[in-house]
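Have a look at the structure below, then the notes.
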Amino acid sequence: MSVGTQLGLADPEQALLAQARALWPTWGEQCRALRVVGDLLDLPGWIASAPRDDADEVLHTLARLASPSGGDDLAATGALAWLLLPGASLVAHRLRSLTGRIDEVVAAQLWLEVREFPWQRRRKVAANVVMNTRRGVLRELGVGAHLREVDPAWSRTVPLDPGADSWRALEARPAVLDPAAGTADAAGATSVAAETELAEVLTWALSHGVVEQDDVDLLLRLAVAADEAGVTRTRCGQGGLCSRKVALTVAGQTGVSSATVRRRASACLQAMATAYTAYTVHGQIPA
């Protein structure tokens, strides 16, 4: 069973996905943003190569059509959920050790997040829906309550586009849960808490325009490289993210110099620290 199968979205000729394909030309007549492809099935390929703002506009339009406060169209809900299946499936894969019915839980939460997306005030649909799905699944399975006891940052998550390099980097890391036991050990719980703490900071910074998605991808690459190298701190006090060894690793992955990697990372970390301090103290972010 898969997340798509649970939602009835595995077959483009059946159920909601077939309805969405039939309605696609009508939606295109109503919404200019959806006129980018002639068939809904061609949309994932278009999104993968389109400028980010254009792709966001398409997903946002579908989110409005799917919302009870917008078009209240269940076929549009199915179409958007189908487009976000890669990210949702990664969520299910990462959390597969928590329960044998992970696909069912992720599918249900994904549907809710698509229907409830606040399209009037948010633009980044894929990022927010996928990671709010992860957050909701953890809450549904009671993982949040456990992590809250060991770390207040239990619920902190970062929205990432399903196609972002950061997903592949995080997916390559060993699972923190023991598949045989099906529960998190102390080290695993600490790892999840640390990951979610970083995620919360990046979520906040993204949502307030302090950093861009490329900055998040870079910082997460550095975090993964630092974890794999066992680097936890350096003299510059940035948790090892800007160490020479880590920067060299990420430079090799991204095709830029290690000096550029360190300079960009330092600038991002400083911007987040300054903005977050101003926000918590004064209630606003400096322009």
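The values are calculated or read from the model by the stated rules, or taken from the named source; none is laboratory data. It should be emphasised that the depicted structure is a prediction, and the values quoted were computed from it without experimental measurement. Every residue, glycine among them, receives a Cβ derived from its backbone with ideal geometry; neighbour counts consider all protein chains shown. Remember, those area values only see protein heavy atoms, side chains included, never the ligands or the DNA or RNA. Shrake-Rupley method; radii C 1.70, N 1.55, O 1.52, S 1.80 Å.
Give the Cα extents of segment 43-112 along the principal axes, in whole Å, largest first.
Over segment 43-112, Cα extents along the principal axes are 36, 30, 14 Å.
In segment 19-61, what percent of the accessible surface is made up of carbon and sulfur (1.4 Å probe, ligands and nucleic acids excluded)?
Ligands and nucleic acids excluded, carbon and sulfur give 48 percent.
Would you work out which of 107, 38, 20 lies farthest towards the positive end of the dipole of segment 1-147, given +1 charges on the beta-carbon of Lys and Arg and -1 on that of Asp and Glu, about the Cα centre?
The one lying farthest along the dipole's positive direction is 107.
Take residue 42 and residue 260, extend 7 Å from each Cα along the Cα→Cβ direction, and tell me the distance between the two endpoints in nm.
Using points 7 Å along Cα→Cβ, the separation is 3.5 nm.
Give me a comma-separated list of calculated 3J(HN,Hα) values for segment 125-137, in order, Karplus coefficients 6.51, -1.76, 1.60 applied at θ = phi - 60°, integers in Hz, x for any Gly or Pro.
Values per residue, Gly and Pro as x: 6, 4, 4, 5, 5, 5, 7, 5, 4, 4, 4, x, 5 Hz.
Would you kindly state how much longer the chain becomes between residue 26 and residue 212 on full extension, computed as 0.36 nm times their sequence separation minus their alpha carbon distance, in nm to one decimal?
63.5 nm
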